[in-house]
1. In segment B:1-20, what residues are within 8 Å of chain A (Cβ to nearest Cβ) and closer than 26 Å to residue A:31 by Cα?
2. Quick one: how many residues across segment A:17-63 are closer than 18 Å to residue B:26 by Cβ and facing chain B (nearest Cβ under 7 Å)?
3. Within segment B:27-57, how many residues are farther than 20 Å from residue A:49 by Cβ and under 42 Å from the mean Cα position of the chain (by Cα)?
4. For residue B:72, state whether it is at the interface with chain A (Cβ under 7 Å from one of its Cβ atoms) and farther than 30 Å from residue A:45 by Cβ.
5. Answer yes or no as to whether residue A:28 is closer than 30 Å to residue B:80 by Cα and in a helix (DSSP H, G or I).
6. Could you identify the single residue in B:151, B:87, B:91, B:97 that is modelled with pLDDT under 85 and farther than 19 Å from residue A:85 by Cβ?
7. Output yes when any residue across segment B:33-42 is facing chain A (nearest Cβ under 7 Å) and either outside any helix (DSSP H, G or I) or surrounded by fewer than 14 Cβ atoms within 10 Å (Cβ to Cβ) (or both), and no when none is.
């Protein structure tokens, strides 16, 4: 009978507090992750929305190509119209 | 059942209840984490998909712009000569002449002439006005006219005693015309006022001048 009482005391005074302490720590850690994950999710969604403008890069690419082509045409004409530096000096 | 057995059962029930309580709330927290990670993974997937072609497009744009820079630098050097080309660039962007042209190694060592000695003042003014163009605003160091250390307004500091530094010491320009604060009546004879300010008529009936009459 004495061993039963000793077992009861161990359960109530040692095992139960240890179990509660450990589970409380696990629950606290799990709950602390939730805000971080939600913040990361919001940031990723905002970043994805910001990248919607990347489609405009195709327009920029086309504009740059056409602008450089126009500059090349003007440069070719100027090359014909203007004398070279050596020719102008001579 | 003995009292010790009852206490044992109560202790076990308490332990199981604590386990259930904490584990249920842990499951709830983990499910929230899973939901958040699902949303995150979806958004990250979108980011990867949207940014995939960026590298290729930007590389193409840079290649086109490099070709343009090469062509323009070559044309400028060919037509103006290396010293004048460096001088023009240095005149537009002070200090940029030291960097030289990208496709002409060693061009930065070229002694840039004073741009005002090479080109007329009008051409230099036009070139400076060109710095206001949008293409000049894309300078790596920013728009020149917005930079007090490189702006054309810095030249005004060469003469610190003129109007732009002390406007409060200079009189305002006179106001003339019908809106002028002082109005003068037209005179009947050249150089003779009909009335002095605040006085009566200055000409008597026989045409002699009053003693207070003054010449204008």
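The values are calculated or read from the model by the stated rules, or taken from the named source; none is laboratory data. Keep in mind that what you see is a predicted model, and the values were worked out from it rather than measured. Heads up, the Cβs are rebuilt from the backbone with ideal geometry, glycines too, and the neighbour counts pull from every protein chain shown.
1. Once the filter is applied, which keeps residues that are within 8 Å of chain A (Cβ to nearest Cβ) and closer than 26 Å to residue A:31 by Cα, segment B:1-20 yields B:14, B:15, B:18, B:19.
2. Going residue by residue through segment A:17-63, those that are closer than 18 Å to residue B:26 by Cβ are A:18-38.
Those left that are additionally facing chain B (nearest Cβ under 7 Å): A:19-20, A:23-24, A:26-27, A:30-31, A:33-34, A:37-38.
Residues flagged as closer than 18 Å to residue B:26 by Cβ and facing chain B (nearest Cβ under 7 Å) within segment A:17-63 amount to 12.
3. Matching residues across segment B:27-57 total 2.
4. Details: at the interface with chain A (Cβ under 7 Å from one of its Cβ atoms): yes; farther than 30 Å from residue A:45 by Cβ: yes.
It is true that residue B:72 is at the interface with chain A (Cβ under 7 Å from one of its Cβ atoms) and farther than 30 Å from residue A:45 by Cβ.
5. Spelling it out, it is not the case that residue A:28 is closer than 30 Å to residue B:80 by Cα and in a helix (DSSP H, G or I).
6. Working: B:87 fails: farther than 19 Å from residue A:85 by Cβ; B:91 fails: farther than 19 Å from residue A:85 by Cβ; B:97 fails: farther than 19 Å from residue A:85 by Cβ.
Being modelled with pLDDT under 85 and farther than 19 Å from residue A:85 by Cβ holds for just one of B:151, B:87, B:91, B:97, which is B:151.
7. Going residue by residue through segment B:33-42, those that are facing chain A (nearest Cβ under 7 Å) are B:33, B:36-37, B:39-40.
This time we only want the ones that are either outside any helix (DSSP H, G or I) or surrounded by fewer than 14 Cβ atoms within 10 Å (Cβ to Cβ) (or both), so: none.
There is no residue in segment B:33-42 that is facing chain A (nearest Cβ under 7 Å) and either outside any helix (DSSP H, G or I) or surrounded by fewer than 14 Cβ atoms within 10 Å (Cβ to Cβ) (or both).
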